């Protein structure tokens, strides 16, 4: 009848505990509970001691498309037999299920509560499709090179309309090849995952972090208001990423070099802007790493700094 996806035990256990209601909780009490449930947006079903459906609120009918009579034929009690939270009740229709068992006057009632999670599953499926096409980096969950260039194109188009800037930060992990050659592969992979997580946590929700190669990341900074905003973010990001990482039980310091480029100052299109930021990051690494360079910065200024 239904397909399910796993959920954590902790998120389920709080709904699986039994509750003992006071003696006055009778079938009339259930009627009062049903009256209250009629006004909620969550789907609610109440199964009697014999497993028969005794209540089906309007939200449940709206979410599932089933009438009370149709729902009564679905053996809803079977949905709670596994430890799953997301359940496909019919083709393409997913709900997040919670439930509790209520004891009253020696009888046990099962109360099911569920919300429409179809859009959530659609997003998951879309993400899996992007991963299968190589557009999402599987180890980090970040967009890959091709996808972030599309997003950068879109950011530039919006910036042209709003007369704003777009910043691009190219981040390269310093001495990453050496790390791979001298340490267990698990260490290098964990460094990359934590690096990606720290970048994602730091940037704004409107910005786009991505992984573009083994040791390189890209951050698209949208809707900048001044020409120095991207460089300011680069400085702060260097400080954030310089904090030690806890990798396989050991504190490790991992530094990076950052290249900064901005639309429209350094380039007019996504590919050229990406290339300008990448070249600036390469220069930062050649100068010793652990620093940032701006694409439009004169070479003489780099050598004197």
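The values are calculated or read from the model by the stated rules, or taken from the named source; none is laboratory data. Note that the coordinates shown come from a computational prediction; the quantities given were computed from them, not determined experimentally. Cβ placement follows ideal geometry from the backbone for every residue including glycine, while neighbour counts extend to all protein chains displayed.
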Legend entry - Residue count, the stretch 270-292 (criterion: without any contact (Cβ under 8 Å) to a residue 60 or more places away in the chain and out of contact with any strand residue (DSSP E or B) (no Cβ under 6 Å at 6 or more places or on another chain)): 7
Legend entry - The listed residue being without any contact (Cβ under 8 Å) to a residue 60 or more places away in the chain and under 30 Å from residue 163 (Cβ atoms), out of 266, 246: 266
Inset, instruction - State which residue is surrounded by the fewest Cβ atoms within 10 Å (Cβ to Cβ) when the search covers only the stretch 216-238 and only residues that are over 12 Å from residue 166 (Cα atoms) and under 24 Å from the mean Cα position of the chain (by Cα). - result: 236
Inset, instruction - Within the stretch 109-125, work out how many residues are farther than 16 Å from residue 78 by Cβ and modelled with pLDDT of 75 or more. - result: 4
Inset, instruction - List every residue pair whose Cβ atoms lie under 8 Å apart, where the two residues are 6 or more positions apart in sequence or sit on different chains, the first residue falls within the stretch 223-241 and is touching a residue at least 40 places away in the same chain (Cβ under 8 Å), and the second residue, located anywhere, is part of a helix (DSSP H, G or I) and surrounded by fewer than 18 Cβ atoms within 10 Å (Cβ to Cβ). - result: 223/158; 223/162; 237/202; 240/198; 240/202; 241/198
Inset, instruction - Would you point out which residue out of 297, 303, 268 is at pLDDT below 95 and either part of a helix (DSSP H, G or I) or touching a helix residue (DSSP H, G or I) at 6+ places or on another chain (Cβ under 7 Å) (or both)? - result: 303
Inset, instruction - Within the stretch 147-162, identify whether any single residue is surrounded by 12 or more Cβ atoms within 10 Å (Cβ to Cβ) and part of a loop (DSSP other than H, G, I, E, B), and answer yes or no. - result: no
Legend entry - Among the residues listed as 246, 282, the single one being surrounded by fewer than 18 Cβ atoms within 10 Å (Cβ to Cβ), on the phi < 0 side of the Ramachandran plot and assigned to a strand (DSSP E or B): 246
Inset, instruction - Collect the residues in the stretch 180-215 that are outside any loop (DSSP other than H, G, I, E, B) and either buried (at least 19 other Cβ atoms within 10 Å of the Cβ) or not assigned by TED's automatic domain parsing to the domain that holds residue 253 (or both), keeping them in residue-number order. - result: 188, 191, 192, 195, 196, 199, 208, 209, 210, 211, 212
Legend entry - Of all residues making up the stretch 154-171, the number that are under 23 Å from the mean Cα position of the chain (by Cα) and farther than 22 Å from residue 196 by Cα: 1
